[in-house]
């Protein structure tokens, strides 16, 4: 006799290089969701971890490090919601989406056209762990292949989200990508994070990069550099990891480190979250 229904098979992972880093990011978000003081509270990430056949302990990370992922993501969630309040009929393009569940956390209205873009293997894994929803689309493409831009209608304001990918591009690849976005869409925002040049130079200190074999390239010290390289891009706001509103909810360990980080400029500027506008000015 059979009791109940069989559990669905877990998703399998076949990733390499930079794409592997998304597993650590996902796991840190899941650990945060199970903590007593979550910064992000991403229950979708927790469910995704449970649905993937992977030895998560092999990543060698613990909940104490979760703010490294959740502070940034929570900050961009805030900015995304602000953009959608201003442009309720818009397009959101999340490039290098990995296994981030932002479309489900933010839960945009029915007039929003949301597109998640990443490598084919990543998109295949997303299809296994996240459900479909109205107005939500997946595109399998490399960030440096601009052909995917032509597959997205450019008839409305657009938010271009690039979280956690700039450092894997060269400066030439990154600026060419941003120029292509501005050429394609009439108005909107670019929200993108950067490592400083010093942080890029110290990449050998990053255990994750040594483990995956990924290499970091593009470092930025000030939003003015990006605006100068991409005509039409206007800096709106930039905060660092330690300055972000969402940092205030992080652990006591990071709160203590933040006291030092805000004073020592090279440390303070190591992780930066930028917000730019483009198109007609008000």
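Throughout, read-outs are computed from the coordinates displayed, never taken from laboratory work. Keep in mind it's a predicted model, so treat the numbers as computed, not measured. FYI the Cβ positions are ideal-geometry reconstructions off the backbone, even for glycines, and counts take in every protein chain you see.
With all pairs of different C-alpha atoms in the average, the Kirkwood value for the hydrodynamic radius of the chain is 19.5 Å.
Compactness of the range 100-240 is given as radius of gyration and Dmax, 16.0, 44 Å, from Cα positions. Among beta bridges identified by DSSP and lying wholly in the chain, the antiparallel ones come to about 40 percent. Taking a ≥ b ≥ c as the square roots of the eigenvalues of the alpha-carbon gyration tensor, the range 41-138 is classed oblate because a/c is 1.5 or more while a/b is no larger than b/c.
Modelled label positions at residue 245 and residue 183, each set 7 Å beyond Cα in the direction of Cβ, lie 3.6 nm from each other.
Entry note, the range 87-278: relative contact order of 20 percent, from Cα contacts under 8 Å with a spacing of 6+ residues.
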